[in-house]
Amino acid sequence: MQRAFISGSALAVVLAFLGVYVTLRKMSFLGDGMAHASLGSIAIGIALSVNPIVFAVLFGVFLSVIVYLLERNTKLSFDAIVGIIFASGMSIGIVIISKMQGYQPELVAFLFGSILSVGWSDMWIILVISAVSTVFLLLSYRSLTLLSLHRDMAAVSGIKVDFLELVFTIIVSVSIIVGVKLLGVVLVSALLIIPPSVSKVISRSFHSFVLRSIFLSECIVVGGLFISYYFDLPSGATIVLTGAVLFAIVVGIKKVFLE
Amino acid sequence: MTKAVEVVDLNVGIEREIILQHVTFDIEEGDFATIIGPNGAGKTTLLRAILGLIPVKSGQIRIFGRHISGARELCGYVPQRFDFDRTFPLTVGEFLSFSLRYRNEKGRIRKVLEMVDMEEHVGKMVGALSGGQLQRVLIARAMINYPRILFMDEPVGGIDIAGRNAFYQMLLSMKKDMGITIVMVSHEVDVVYKFSNRVVCISRTLHCHGHPHEKLTPQLIRSLYGDAVTLFEHRD
């Protein structure tokens, strides 16, 4: 449980922070796509008896570069590219699973998340990646925001737009992939979307938007973990439902009492 | 006098399509230059090529004698379109602060907003601004690092006639106070006569450049826009 709280809390910060930019740049599908695509590399990792998360992170970096290059050099839309990657990665995973003997509990845990089975090595991987991602966001906060608002304005301002976009895509993918262990392939992208969505409803400045996203994300993860622990519920789904309920409450209060 | 912009035999294409051919002109420091031409002439392409936002097939571009990669700090830019989710939480002050070159220059935010008469709106959400107010804020953002040259792509789209006159008067006032060079893409030929001292006429290639009163003849206008166009001179 201790490792679950530490890992979950670290991930809550970085996914909420990233989610602000993912929302602004309308890239929500990237999180979902990368999470599903990671199933292939996770399955390969399990089949080869190597740490599946490490393998999936390296594969995620590779896929991010592919997404970036295809978007810059073809006429395909971002959604189409991510859709192709999503379906292909997932299909690789399904094919490998079909060839594995017997029931694969570890693989099923990755589908729906198993935050309470996070080991010490998993926790350290999550902490390191969360720390690196957060430092990147803090250092590039202003440039990334301007880039997300208008690419050409950012370029004329001297921002290295190509490099920043590539690094951002990699950071989102890798952060999502390490979150797969906690929340599962199916649900992890919710943590990228729900906290910023709730925060957006109640924020009137960018700074408050970011801070509230992080705060709400922590509440959702910690609250969801407590509820799942005491009521013996699947942790990933409980965290996401906690977020969904919070979203409904905030929107309801704003609509009924404040407008 | 220093040349603010030098374009020499510029050729720009996208895939196999040639957008601009053999374009050569220059703009002096302190000019208010307007790039005009019909729809699809390549005006925005020319501006984006000068700013290094698109690759060029051949030719040379210099801004104050430098390649664009070394001249960005001298440039301010107001794009043609600023498509933005108006529900996104972002204040005017924050929007400007993201463009500041140095964080300890926050006093500049108020100064540039005063230049465009928007100082009272520093805490307002960008999404709540009217079209005209947003254009002013975009200019303030472009001016935040005190550039030597301001590039604007059709900056008055969506602003009514009264608003446009006020907008151009504001630009002239800024130009006078700061000595800035202005390069503007526009559809409005009357603006060229009234406010610019240099015109660049583009329709896939260069049709003219120089002083508007000398270069914008009825023949030139017809060659740019077609025979259906008639030129009327206002008697002020």
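The values are calculated or read from the model by the stated rules, or taken from the named source; none is laboratory data. On a predicted model such as this, the values are computed, not experimentally measured, just so you know. Here Cβ is always computed from backbone atoms with ideal geometry, including for glycine, and neighbour counts include all displayed protein chains.
Taking the criterion of being surrounded by fewer than 23 Cβ atoms within 10 Å (Cβ to Cβ), within 12 Å of chain A (Cβ to nearest Cβ) and closer than 23 Å to A:Leu149 by Cα, the residues of the range B:49-70 that qualify are B:Leu51, B:Gly52, B:Leu53, B:Ile54, B:Ile68, B:Ser69.
Counting the residues of the range B:1-24 that are touching a residue at least 40 places away in the same chain (Cβ under 8 Å) and either at positive phi or assigned to a loop (DSSP other than H, G, I, E, B) (or both) gives 3.
Could you please find all residues in the range B:1-43 being farther than 16 Å from B:Cys208 by Cα and polar (S, T, N, Q)? Result: B:Thr2, B:Asn11, B:Asn39.
All of (1) within 12 Å of another protein chain (Cβ to nearest Cβ); (2) outside any helix (DSSP H, G or I); (3) more than 21 Å from A:Tyr68 (Cα to Cα) hold for A:Ile159 with one exception: (3).
Screening A:Ser199 with (1) hydroxyl-bearing (Ser, Thr, Tyr); (2) surrounded by 22 or more Cβ atoms within 10 Å (Cβ to Cβ); (3) out of contact with any Lys or Arg (no Cβ under 7 Å at 6 or more places or on another chain) gives one miss only, at (3).
In the range B:103-123, which residues are over 23 Å from the mean Cα position of the chain (by Cα) and part of a helix (DSSP H, G or I)? If the condition is that a residue be over 23 Å from the mean Cα position of the chain (by Cα) and part of a helix (DSSP H, G or I), then B:Gly107, B:Glu120, B:His121 are the ones that fit. Just to be sure I understand the filter: pairs with C-beta atoms under 8 Å, separated by 6 or more residues or on different chains, first member in the range B:85-112 and more than 11 Å from chain A (Cβ to nearest Cβ) and free of Cβ contacts under 8 Å to residues at least 24 places away in the same chain, second member buried (at least 20 other Cβ atoms within 10 Å of the Cβ) and in a helix (DSSP H, G or I). Which pairs pass? Matching pairs, first to second residue: B:Lys106/B:Ser97. Does the range A:203-244 hold any residues that are more than 18 Å from the chain's Cα centre (by Cα) and among the hydroxyl-bearing types (Ser, Thr, Tyr), and which are they? Scanning the range A:203-244 gives A:Ser203, A:Ser205, A:Ser208, A:Ser228, A:Tyr229, A:Tyr230. Residues that are of a type outside the set (Phe, Trp, Tyr) and either at positive phi or at pLDDT below 85 (or both) within the range B:175-201 comprise B:Gly179, B:His187, B:Glu188, B:Val189, B:Asp190, B:Val191, B:Val192, B:Lys194, listed in sequence order.
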